[in-house]
Amino acid sequence: MDQNCSIPFNRSSLLGRELEYIFKTMTIGQIAGDQTYSKRCHAFLEQVLGVPKAMVTTSCTHALEMSALLLNIQPGDEVIVPAFTFVSTANAFALRGAKIIFADIRPDTLNLDEQKLADLITSKTKVVVPVHYAGVGCEMDVIGEIAARHGLSVVEDNAHGLFGKFRGRWLGTFGCLATQSFHETKNITCGEGGALLINDARLVERAEIIREKGTNRSRYFRGQVDKYSWVDIGSSYVMSDVLAAFLYAQLEAWETIQLKRQRIWNHYDNQLCHWARERGIGCPVVPAHCEQSHHMYYLLLPSLEQRQAFIAFLKARNILSVFHYVPLHLSPMAERMGGRQADCPVAEDRSDRLVRLPFYNSLSPDDQDRVIQAVREFEM
């Protein structure tokens, strides 16, 4: 991604004691995983979110892969994911041989359309993966009821939604499992990283084994066995404590980060929404029963051509805006798996028209006003 514009789409920043904690990991010789700062991250997420177990991972992708392993996905099983999502949401289950069933999205929140979910379920369906797009909660009461009725597991892809809520309850606490991202573009980051939230305590012990290359190494370090061995399939999903040190400093500052982002999001919305609606341009929709995470601010231009012209217009003014997901059911990989048969017109339409504005924790009021002024100067 070209970040050479004077106002980039994203920019990482230090917000607390990141460098101090990294220095400490080096001086005490704890740079591998599951040491001081990994444990602090686990405890923080468990205490704030109220989940039985949290485990930091090398990425949200790997947390999703762990979910597929924990739920024993087998070749031929069907997993329902929204067509409008990042490739990892589908790939984690496709790696286990699952057939990916693509669901269309709602025209307002761009989340999985819960009203179309039941029609996609067959006797082979095992899992549904709602993605809380832009940190706005999916309709988890409806999705949860449908899943329970059909005996399905729910895995929340909460890459955008840490500290967002649905009907007063934290996102990431509805499914038996949920995944978080700490990629550099997220509200809270360590560059590359993720977490698995385990809401079904019966999955905790096996999750520890899968995350530790299929060994019972965690039980060994707790003194529960006198040696550890290979006991299950798994892989190397443990985050380095160097990254965990950076992450823990960011988690400590979570309330400050969220307040900064709320102010940025509100300023965009206050300054642009009336202008946009007068021109047939869509703005984000946040239902009253959702408390969003303020992860991004986007606009929906009337057409693909106008969206591309808008991106070029801002870039000519040294401002980088970007489009987002290309619907997965239209991808070459989906064609190989038969996914192009999916009917997802809303995902196709929104993908063509969506543009994300610069949004990062250190975006200054002056730079944000430059973006807003440039947006308002765009003529269709």
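Only the coordinates and a few stated rules stand behind these numbers; no lab work does. Since this is a predicted model, take the numbers as computed values, not measurements. When we count neighbours, we look across all protein chains shown, and the Cβ atoms used for this are built from the backbone with ideal geometry, even at glycine.
Some observations on this one:
- Cα pair distances of the stretch 153-246 binned at 10 Å [whole percent]: 16, 37, 35, 12, 1
- Cα centroid separation - the stretch 322-380 against the stretch 90-112, whole Å: 17
- Annotation: Cα Rg of the stretch 18-253 relative to the compact-globule expectation 2.2 N^0.38 Å equals 1.00.
- Counting 0.36 nm for each residue step from residue 118 to residue 46 and taking away their Cα separation leaves a gain of 22.7 nm.
- Between residue 184 and residue 376, the FRET efficiency from the beta-carbon distance, with R0 = 41 Å, is close to 0.90.
- Under the criterion of Cα pairs below 8 Å and six or more residues apart, the relative contact order for the stretch 257-309 equals 36 percent.
- Remark: 78, 305 ranked as 305, 78, counting other beta-carbon atoms within 10 Å and listing the fewest first.
- Dipole moment magnitude, nearest 20 debye, the chain about Cα centre, only Lys, Arg, Asp, Glu C-beta charged: 580
- Taking the DSSP beta bridges with both ends in the chain, the antiparallel portion is around 60 percent.
- Stokes-Einstein D (µm²/s) once Rh is taken as the Kirkwood radius of the stretch 178-334 over alpha-carbon pairs, at 25 °C in 0.890 mPa s: 124
- Annotation: lysines with alpha-carbon distance below 20 angstrom to residue 186 (same-chain offsets under eight excluded): 165, 260.
- The Stokes-Einstein estimate for the stretch 78-152, based on a Kirkwood radius over Cα pairs and taken at 20 °C with 1.002 mPa s viscosity, is a diffusion coefficient of 174 µm²/s.
- One chain, two ends: residue 204 and residue 14. Fully extended at 0.36 nm per residue, the span grows by 65.1 nm beyond their Cα-Cα distance.
- A cut-off under 12 angstrom between Cβ atoms defines the neighbours of residue 140, and their net charge, with Lys, Arg +1 and Asp, Glu -1, is -2.
- Selection from 337, 306, 288, by position along the positive dipole direction of the stretch 255-377 (Cβ): 306
- Cα-based convex hull volume of the stretch 255-377 per residue, rounded to whole Å³: 142
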